[in-house]
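The values are calculated or read from the model by the stated rules, or taken from the named source; none is laboratory data. Given the structure is predicted, the values throughout are model-derived calculations rather than measurements. Cβ placement follows ideal geometry from the backbone for every residue including glycine, while neighbour counts extend to all protein chains displayed. The protein model used for the area step is the full one, side chains on, heavy atoms only, and it has no ligands, DNA or RNA in it. Shrake-Rupley method; radii C 1.70, N 1.55, O 1.52, S 1.80 Å.
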Amino acid sequence: MFKKAILSMGTVFEVSVYTRDGYKAEKAFNNVFNDINRLDDMMSNYKDDSELSKINESAAREPISCSSELAYIIEQSLNYGDITNGAFDITIGPLMKVWGFFKFKKDGRIPEKGELNSELKSVSYKNIDIRETVEKSFLKGAKIVKTISFKNTDTQIDLGGIGKGYAVDSAVRVLKGSGIKSALINFAGNIYAYGRPPERQSWVIGMQNPRKSEDIIGSFEIKNRAVSTSGDYEKYFIIDGERYSHIIDPRTGRPVKGVVSVTIVADTATRADALSTGVFVLGLDKGMELIEKLSDVEGVIIYEDSNS
Ligand code: ADP
Ligand code: MG
């Protein structure tokens with residue numbers, strides 16, 4: 001087993017590959033890390049020259065062409081917006097900023113009601129318009145390109161709730177292409193268990209106590225599936241004893257209260273990531289209802305009793 005990690009997307013991306021061939025492992029690490037950095041350069045909100053930043057900058061003025069990969073991630077995000085009845089919404093960007101989550105958590109602040117209402121006008125994934133257009137050129141013939149535009153001048157896309165999951169799925173494809181048959185990927189709580197671990201049928205995944213990380217509250221086994229956990233302890237600030245977490249309810253514009261963590265098991269890491277964020281917003285009852293409805297999905301919701 002060989003294990004390596006890099007810092008990307010503001011957090012730790014870690015991969016363990018199971019092979020005896022150190023040379024093969026080294027090549028696989030290189031391929032995977034290049035891929036993760038490539039995706040960060042594409043999706044980052046922190047890099048002004050990322051493809052997403054350029055779209056955010058101009059798509060309210062005119063349709064901007066978009067790579068097919070980024071268009072796919074955005075289309076998936078819109079789909080999860082529909083599945084979660086609008087709880088998962090990649091246009092929460094302006095709300096993240098107004099609560100001070102954008103750069104550093106120490107900037108956390110409570111916005112005025114008026115401020116929230118004015119930001120809320122731009123927040124809806126329905127403001128995103130993706131189209132296919134056919135570009136004809138004399139030399140290359142017809143080519144299908146995707147363009148993206150925003151229907152509201154202040155709309156901004158934030159892929160923080162799905163991008164790491166997509167990156168994990170992409171890493172699995174790269175590992176396969178590098179001849180690796182067994183690996184465990186962990187990108188800040190977005191896990192994919194690929195293949196079979198040595199001498200076992202499946203991978204044992206332990207669940208942390210969200211309020212006491214050294215405490216394991218349970219475990220389950222998976223193989224060729226993903227697990228993602230969204231928690232109120234990842235990024236948050238506390239003012240007057242109240243916890244404000246970085247998962248925002250797009251309907252109210254406020255950080256979700258009551259839910260502590262959501263763990264989702266699904267076939268892909270993209271799906272697990274988006275659904276863990278979406279179910280977090282839906283809360284205990286509606287969230288569980290959705291998990292039950294999706295036959296390939298399992299989940300655990302940990303919540304705080306508001307009376308205690
Ligand atoms: P983590 O980043 O800790 O793994 P999540 O996957 O739950 O946690 O993603 C939280 C991030 O998702 C936030 O930092 C923000 O960028 C984005 N986000 C917050 N609220 C929503 C929402 N309602 N829908 C979609 N994305 C959201
Ligand atoms: Mg998520």
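Worth a mention:
- The HN-Hα couplings worked out from phi for the stretch 227-241 by the Karplus form 6.51 cos²θ - 1.76 cosθ + 1.60 (θ = phi - 60°) are 10, 9, 10, 10, x, 7, 9, 6, 9, 6, 9, 10, 10, 6, x Hz, whole numbers, x standing for Gly and Pro.
- Given charges at beta-carbon only (K, R positive; D, E negative), |dipole| of the stretch 26-127 in Debye: 420 debye
- Sum of -39500 (n - 2.57) over DSSP H runs of 4+, divided by residues of the chain (222 nm, nearest 500): -10500 deg cm²/dmol
- Under the criterion of Cα pairs below 8 Å and six or more residues apart, the relative contact order for the stretch 217-294 equals 31 percent.
- The spacing between the stretch 41-95 and the stretch 246-308, judged by their C-alpha centroids, is 21 Å.
- For the chain, the membrane-span-like helix rule (DSSP H, alpha carbon extent of at least 24 Å along the helix axis, mean Kyte-Doolittle at least 0.5) picks out no helix; this says nothing about an actual membrane.
- Since only I185, V279, G299 are under comparison, the one whose Cα sits farthest along the positive direction of the charge dipole of the chain, derived from C-beta charges on Lys, Arg, Asp and Glu, is I185.
- Overall form of the stretch 98-182 per C-alpha gyration tensor (a/c, 1.5; a/b vs b/c): oblate
- FRET efficiency for D48 and E69, using Cβ-Cβ distance with R0 set to 30 Å, rounded to 0.05: 0.90
- The chain - percent of accessible surface contributed by carbon and sulfur, probe 1.4 Å: 48 percent
- The relative contact order of the chain comes to 18 percent, based on Cα pairs under 8 Å that sit 6 or more residues apart.
- Pairs beyond 29 Å (Cα-Cα), from K97/K176; K126/K257; K4/K286; K140/K164: K97/K176; K4/K286; K140/K164
- A straight line joining the Cα centroids of the stretch 118-151 and the stretch 167-208 runs 34 Å.
- For the stretch 158-218, the relative contact order comes to 21 percent (Cα pairs under 8 Å, sequence separation of at least 6).
- Counting only the Cα atoms, the stretch 1-47 fills a convex hull of 53 Å³ per residue.
- Equivalent ellipsoid dimensions for the stretch 1-136 as semi-axes, Å, which come from the Cα gyration tensor, largest first: 33, 22, 14
- Under Stokes-Einstein, with the Kirkwood radius over Cα pairs as Rh, the value for the chain at 20 °C and 1.002 mPa s is 105 µm²/s.
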